[in-house]
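J.: Shown below is the structure under consideration.
Just so it is clear, none of the values below were taken in a lab; they were calculated from the coordinates. If you're wondering where the values come from, they're calculated on a predicted model, not measured in any experiment. Heads up, the Cβs are rebuilt from the backbone with ideal geometry, glycines too, and the neighbour counts pull from every protein chain shown.
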């Protein structure tokens, strides 16, 4: 095909763009800052992320992708147009784009994605299931008969899929993820201490103290926030035990989603999963003890992939380099070719 072939992993937390020659060419947050009165974009990606919680009232930081699907058409279009222009420059031919989508995405979600991409500068678009891209990135054999359970835990959603023979046998997308853990921490501190913290501080607490299972030794860190009593700055200590307790509801919902897929899986594939183990990928799979919790709750050996942040992007690179992997219903289309 004429034009550059690129892959896009558009997540609730971050957007990764790859091409066949250079690999990862962009990795930035999926956020955009706009003037709330005019709607004019002020900052994109990294620059917009850094001003979250630090903006004036007339500046709004927007997350155009929520729970793995487009929630703000206009902002998603503006952000993707910026990113595509950034990586493709002033090329004569529009790029052909492979973009990953949750396995449970509806036909409306898929059509919206194609529409946004083609109006943002893409020539033709191919939708590719996120779980299959991750499986390819992790090196799962495409024609292997034995089934594998792959759990992609991202910022806004958890994609749970049983993959066999290069196809998805059973799948479910849980609309919860790492961002919900951040929000749980913010709500807990507001409710129990009347202290307000921003999303960046909540994320830092999650990374440093968060855990899916109790830690052997308690950790603590000093955090800055805003007192709800007098609206003055305040510094306070947070412990790992406190954070473990306040995020259990979110973590528990992830476990329920994983179990629901296992329960719907045919016996033969369930046996395969027991033999092959469960593989966790995605940024939130790095939460301390997540693999231990999944293993304890399912009784199946569980491991975190070697490169959980970029397994989907790695799969997209492999697909771009070998486009015959798109056989079996996958094809590049324009919006006018979608039924």
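J.: Based on the alpha-carbon gyration tensor of the chain and its eigenvalue square roots a ≥ b ≥ c, which shape applies: rounded if a/c is under 1.5, prolate if not and a/b is larger than b/c, or oblate?
T.: oblate
J.: Would you mind checking the stretch 30-55 for residues with the amide N under 15 Å from a putative spin-label position 7 Å along Cα→C-beta of residue 119?
T.: The answer is none, because no backbone nitrogen lies closer than 15 Å to the label point.
J.: Whole angstrom only: what separates the Cα centroid of the stretch 217-257 from the Cα centroid of the stretch 18-53?
T.: Measuring centre to centre over Cα atoms gives 27 Å.
J.: Run the numbers for residue 227 and residue 109: contour at 0.36 nm per residue of separation, minus the present Cα-Cα distance, in nm.
T.: 38.4 nm is the gain from fully extending residue 227 to residue 109.
J.: Suppose we keep just the DSSP beta bridges with both residues in the stretch 142-304; what percent of those would be antiparallel, to 5?
T.: 75 percent
J.: Follow-up question, since we're still on this one. Quick check on the stretch 110-233: take the gyration tensor over C-alpha atoms, sort the square-rooted eigenvalues as a ≥ b ≥ c, and tell me if it's rounded (a/c under 1.5), prolate or oblate.
T.: Oblate is the answer for the stretch 110-233, as a/c is 1.5 or above yet b/c matches or exceeds a/b.
J.: Work out the FRET efficiency for residue 60 and residue 241 from their Cβ-Cβ distance, taking R0 = 41 Å, and round it to the nearest 0.05.
T.: With R0 = 41 Å, the Cβ-Cβ based efficiency is 0.70.
J.: Express in nm, to one decimal, how much length is gained between residue 187 and residue 72 on full extension, taking 0.36 nm for each residue of separation and deducting their alpha carbon distance.
T.: In short, 39.0 nm is gained.
J.: Taking 0.36 nm per residue of sequence separation and subtracting the Cα-Cα distance, how much length would be gained by fully extending the chain between residue 276 and residue 86, in nm to one decimal?
T.: Contour length minus Cα-Cα distance gives 64.3 nm.
J.: Could you tell me the calculated FRET efficiency between residue 200 and residue 301, based on Cβ-Cβ distance and R0 = 30 angstrom, to the nearest 0.05?
T.: The formula returns an efficiency of 0.25 here.
J.: Output the peptides 305-313, 36-44, 131-139, 98-106 sorted from most to least packed, where packing is the average of other Cβ atoms within 10 Å over each peptide's residues.
T.: The packing order, highest mean first, is 131-139, 98-106, 305-313, 36-44.
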